[in-house]
Amino acid sequence: MSKAFIDSNIVLYLLSGDAAKADRSEEILADGGVISVQVLNEVVSVCRRKLKMPWEEIEALLLAVKAFCDIQPLTVASHEKAVEIAKRFQFIVLRCQYCCLCSLIRCRGTVF
């Protein structure tokens, strides 16, 4: 069975004050999934810039996520396909990148 592609919002909901969102995110991650290096970068950025988290806490969060998810690198092929889709449909290239990665590795869908 293919795995879901997990967006940064799911990881960040783990830190939410909303217990329902945090619990659901934990369930999704516990089921395993696929996450890209770009998603990890976004999580770090939000944790540092918006949440002002110390590096030790961010590293602990990343280790936990990596333990449950398969990490996919960004590739030139996925980048080129994302740019093509973004240009054609006027979408945000980062969202296209996720869809392209999902397509290339045959995920069952993206969880936002």
- [ ] Within 10 Å of each residue's Cβ, count the other Cβ atoms and sort D18, D7, D23 from fewest upward.
- [x] D18, D23, D7
Open item on the list: What is the ratio of the Cα radius of gyration of segment 27-84 to 2.2 N^0.38 Å, with N the residue count, to two decimals?
Closed with: 1.28
TODO: Be a star and scan segment 3-46 for residues whose amide nitrogen sits under 14 Å from the point 7 Å along the Cα-to-Cβ vector of H79.
DONE: 37-38
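What are the trypsin sites (Lys or Arg not before Pro) within segment 1-67 that DSSP puts in a loop, where the Cβ has at most 13 other Cβ atoms within 10 Å?
K50, K52
Once you charge only the Cβ atoms, +1 for Lys and Arg and -1 for Asp and Glu, what is the size of the charge dipole of the chain about its Cα centre, to the nearest 20 debye? Working shown, then result.
Numbers: 14 positive and 13 negative charges, 96 e Å.
Approximately 460 debye in magnitude.
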Task: the chain - mean residue ellipticity at 222 nm from DSSP helices (-39,500 (n - 2.57) per run, n ≥ 4, rounded to 500) - done: -20000 deg cm²/dmol
Open item on the list: How tilted is helix 19-30 with respect to the longest principal axis of the chain? Cα atoms for both, answer in degrees (0 to 90, nearest 10).
Closed with: 60
Open item on the list: What do you get for the angle between helix 76-89 and the principal long axis of the chain? Use alpha-carbon atoms, 0 to 90 degrees, nearest ten.
Closed with: 80
Task: Cα point-scatterer Debye curve for the chain, base-10 log of I(q)/I(0) at q = 0.09, 0.13, 0.14, 0.17 Å⁻¹ - done: -0.24, -0.49, -0.57, -0.82
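Any read-out appearing in this document is the output of simple, stated calculations on the displayed coordinates, not a laboratory observation. What you see is a predicted model; the values in this text were computed from it and never measured. Ideal geometry is used to build each Cβ from the backbone, glycine not excepted, and the neighbour counts take in all protein chains shown.
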